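Worksheet: the structure to be examined is printed underneath.
Since every read-out is calculated from the coordinates, none of them should be taken as a lab result. None of the values given here were measured: they were computed from a predicted structure. All Cβ positions, glycine included, derive from the backbone under ideal geometry; neighbour counts span all protein chains shown.
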Amino acid sequence: MQVPLFLHHQPTPMPPSNSLIWFRKGLRIHDNPALDHAIKHTKHLFPIFILDPHYLAPDLTAFSPGSNRSGLNRIQFMLECLVDLDSSLGKLGSRLLVFNGDPIQVLTRLLKEWDVKKLCFEYGTEPYYQDLDKQVKSFASAAGIDVFSPVSHTLFNPADIIQKNGGRPPMSYQSFIKLAGNPSPPLTTTISSLPPVGNVGDYEMLRVPTIKELGYGDNTQEEFSPFRGGESEALKRLKEALGGKEWVANFEKPKGDPSMFLKPATTVLSPYLKFGCLSSRYFYQCLQDVYKRVKKHTLPPVSLVGQLLWRDFFYTAAFGTSNFDQMKGNRICKQIPWNDKDELLVAWREGRTGYPWIDAIMVQLQKWGWMHHLARHSVACFLTRGDLFIHWEKGRDVFERLLIDSDWAINNGNWMWLSCSSFFYQYNRVYSPISFGKKYDPNGKFIRHFLPVLKATTATFQNLDIVIVLYSSIMIISVTKYQLSDMPKEYIYEPWTAPLTVQTKANCIIGKDYPKPVVDHNIASKECKKKMGEAYALNRANNGLVGEEDLKGLRRKLEDDQHQDSKSRTQKQKLVG
DNA sequence: ACGAAGTTGCGTCT
DNA sequence: AGACGCAACTTCGT
């Protein structure tokens, strides 16, 4: 049923006044309870978005172009979301007012100067929003401003689930499902027009800025994400996905092919859910509608609906766990003596581990800001418990910066999952950086696509710029030298095993044109499993309360053991030789 | 206390 | 393609 907007009867004696909707996530018109509420009984509506310099100021010291919090792909994606939102608001007789500055300062000033009586914004469950919103709400209540802050980013209210579970978030998916039940349906109101924007006073009205205007103009990124931001794009993408009825009904997440990139094996709706361009409740309802029209469909956890529930599962766990984004002081996180080998971290980050499958995925991350979830698993396992034994927080930082869909709860949750720090504990199951990719893509098409030329790392490109100026012909040679694409498929996953004649013919000498593997997977994974076993034992013995000193002690012991092992390996090799 | 189950491992066998 | 051993984790429910 559609109700004309200004006929809503409000049992309030007050005359219509000014409302402000503050967009943060939830960059959409459809199923937007904060917007729906903001337009009721309202004379003027001020729709605002605040560009926070703490988040967006360019940072030249970061390892990739962008701000200190985000790479360029996600900033670009967000700006596209804002442009689309502005255009949608425009069609309804309004517009998006964009401001620059500290959110609290900007917001409190605007509320005062515009005589706002009602402030609406989507509830934020992340610590960042919890802190921010506490300040905003206390200001509003002192100033006599009504605040409406509905939970509409997730299917459920995490607080409800935690309460139902006796105050703690459920730690397994099945127990979460049992508690969750069915989500409430999305709003059905269709907005046909919006109250006019009031007099904005002396403010200079910014349009949504471009990447260049934000000061990232001289970026060295060579290829941008193929995914465009915005609600319109989200709904288009959703419609396309839902059109494949059978595909939706038969979707099984673990069976997806991580090497598909021209036509990804998943919906790629995650970035739109992250920014709230797509309502999770609307998506959920659309999926239920498809299920009703087919005979048989897959079920959680592997189905598409199951994926939405995973999202809520992690949001709930994150909301109910202090220090969710770190190992120390995190009740649910195993204390593990990860090592601190920066050169290995950088090799992983820049896609030069010497394992083409791993490196190609990391290049896809740099260029596209998106990879298939199994590809994420593969590289996350490799960095942490599988091969390099580097802290999951370091990998988390890289993903958080570069993924266009990076989402605080989900990203941290998955890093704990993959590193066997929480949620998942079967550390003996290690992804092979060789055979895992091979089983989907035996010819190495994915590798050949993402590793044909030099990677778009800042350092490399800075060096190259100089080369271009001075010796342009040499540059061309050095680029072609890095080709891995001609490596025969027998060796594409393990190029170091190719005979020198093959390497020469492929124009790719291992150790010179493409790196040698940074670790031997067979040895490294065995050592990692052993370390995990000892770390688990320590956590068990200390009943989860592992102190700094305990961890230091175990780290020393493990390093000694490893030293002994490698010594005996060398001796064995000598004997064999 | 105990058993069952757990979104997505690998290698080897048939 | 599917089953099994590998070696064994935790959480949840009884």
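In degrees, nearest 10, range 0 to 90: what is the angle between the Cα axis of helix A:103-113 and the longest Cα principal axis of chain A?
Relative to chain A, helix A:103-113 is tipped by roughly 10 degrees.
For labels at A:R109 and A:A541 in the simple 7 Å Cα→Cβ model, what's the distance in nm?
The answer from the label model is 5.8 nm.
Where Rh is the Kirkwood radius over the Cα pairs of chain A, the temperature 20 °C and the viscosity 1.002 mPa s, what D in µm²/s does Stokes-Einstein return?
Working: Rh = 26.1 Å.
Estimated diffusion coefficient is 82 µm²/s.
Over what distance in Å are the Cα centres of the stretch A:36-110 and the stretch A:286-341 separated?
Centre-to-centre distance over Cα atoms comes out at 28 Å.
Ordered by residue, what ³J(HN,Hα) values in Hz, to whole numbers, does the stretch A:131-145 give under the Karplus form 6.51 cos²θ - 1.76 cosθ + 1.60, where θ = phi - 60° and Gly and Pro are x?
Coupling constants for the stretch A:131-145: 5, 4, 6, 4, 5, 4, 5, 6, 4, 4, 5, 5, 8, x, 9 Hz.
What list do you get for A:V302, A:V363, A:V294, A:V83 if you sort them by fewest beta carbons within 10 Å? Write down the numbers at each step before the final one.
Values: A:V302 15, A:V363 26, A:V294 12, A:V83 18.
Fewest-to-most Cβ neighbours within 10 Å comes out as A:V294, A:V302, A:V83, A:V363.
Report the FRET efficiency, 1/(1 + (r/R0)^6), for A:F424 and A:L299, where r is their Cβ-Cβ distance and R0 is 22 Å, rounded to 0.05. Mind dumping the intermediate values first?
Numbers: r = 20 Å, r/R0 = 0.91.
The pair A:F424/A:L299 has a calculated efficiency of 0.65.
For the stretch A:260-314, just the Cα atoms, rotate onto the principal axes and tell me the three extents in Å, largest first.
Its Cα atoms span 32, 27, 19 Å along the three principal axes.
Would you please give the residues with an amide H less than 5 Å from that of A:L97, counting only those at least 5 places away or on a separate chain, with H modeled from the backbone geometry?
Placed amide hydrogens put A:I48, A:F49 under 5 Å from A:L97.
In Å, what Kirkwood hydrodynamic radius results for the stretch A:394-454 from the alpha-carbon pair distances? Display every interim value, and only then the final one.
Details: mean 1/r = 0.0721 Å⁻¹.
Over the stretch A:394-454, the inverse of the mean reciprocal pair distance is 13.9 Å.
Between their Cα atoms, which of A:K255/A:K489; A:K212/A:K341; A:K296/A:K438; A:K296/A:K489; A:K40/A:K239; A:K40/A:K137 are more than 27 Å away from each other? If you can, show how the numbers build up before the last one.
On the way: A:K255/A:K489 23 Å; A:K212/A:K341 35 Å; A:K296/A:K438 31 Å; A:K296/A:K489 39 Å; A:K40/A:K239 30 Å; A:K40/A:K137 20 Å.
Check vs 27 Å cut-off fails for A:K212/A:K341; A:K296/A:K438; A:K296/A:K489; A:K40/A:K239.
Tell me, what HN-Hα J-couplings in whole Hz come from the Karplus equation 6.51 cos²θ - 1.76 cosθ + 1.60 at θ = phi - 60° for each residue of the stretch A:308-313, using x for Gly and Pro?
Here the 3J(HN,Hα) series is 5, 5, 4, 4, 5, 4 Hz.
Roughly speaking, what is the centre-to-centre gap between the stretch A:434-453 and the stretch A:168-242 when only Cα atoms are used, to the nearest Å?
Here the two parts' Cα centres lie 33 Å apart.
Express in nm, to one decimal, how much length is gained between A:N199 and A:L500 on full extension, taking 0.36 nm for each residue of separation and deducting their alpha carbon distance.
101.0 nm
Considering only DSSP beta bridges with both partners in chain A, what is the antiparallel share in %, to the nearest 5?
Values: 3 of 23 bridges.
Of all bridge pairs located within chain A, approximately 15 percent are antiparallel.
With 19 Å as the cut-off, how large is the P(r) tail for the stretch A:303-418, expressed as percent of Cα-Cα pairs? Could you put the intermediate results ahead of the total?
On the way: 3027 of 6670 pairs.
Value for the stretch A:303-418: 45 percent of Cα pairs lie more than 19 Å apart.
Using a/c under 1.5 as the rounded threshold, could you call the stretch A:218-275 rounded, prolate or oblate? The axes a ≥ b ≥ c are square roots of the C-alpha gyration tensor eigenvalues, and prolate needs a/b larger than b/c, oblate otherwise.
Values: a/c = 2.62, a/b = 1.49, b/c = 1.76.
Note, shape of the stretch A:218-275 comes out oblate.
Provide the FRET efficiency to the nearest 0.05 for the A:L206-A:A143 pair, computing r from the beta carbons and using R0 = 30 Å. Working shown, then result.
Working: r = 25 Å, r/R0 = 0.83.
The formula returns an efficiency of 0.75 here.
Taking each pair of distinct Cα atoms in the stretch A:122-199 once, what is the resulting Kirkwood hydrodynamic radius in Å? Don't skip to the answer; put the middle values down first.
On the way: mean 1/r = 0.0641 Å⁻¹.
For the stretch A:122-199, inverting the mean 1/r across all distinct Cα pairs yields 15.6 Å.
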